Amino acid sequence: MDWETPAHRALLRAGVIEACREGHEWYVRALDDKAGIQHAYAIATNMVRKGEVPGSRREFIAFVAETLEQIPVRCPICEAADQVL
């Protein structure tokens, strides 16, 4: 199943991540935002209930959690550019 885009949508809607302002990569806005992460899980649950995402709620929430863990804190392209300056 291709859950990558729906997982990003759930995290974006919850405000846990946002797109790089330069348009490069995703980054996590707040890793310790437990309320935001719980909100993302609630959004993911609703996405499954509404049929926006196939599969089980448990599987999709696990995928959302895995996706969040893989998203860097800062855009790697912007970070590399800052190191060059």
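The values are calculated or read from the model by the stated rules, or taken from the named source; none is laboratory data. Note that the structure is predicted; figures quoted are calculated from it, not measured. Quick reminder, even Gly has a Cβ in these numbers, built from the backbone with ideal geometry, and neighbours come from all protein chains shown.
Any idea which of K50, K34 is free of Cβ contacts under 8 Å to residues at least 12 places away in the same chain and farther than 30 Å from D82 by Cα?
Numbers: K34 fails: farther than 30 Å from D82 by Cα.
Of the residues listed, the single one that is free of Cβ contacts under 8 Å to residues at least 12 places away in the same chain and farther than 30 Å from D82 by Cα is K50.
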Matching entry among P54, P76 (being at pLDDT 90 or above, over 15 Å from L11 (Cβ atoms) and not basic (K, R)) | P54
Of the residues W26, W3, which is out of contact with any strand residue (DSSP E or B) (no Cβ under 9 Å at 6 or more places or on another chain) and at pLDDT below 85?
-> W3
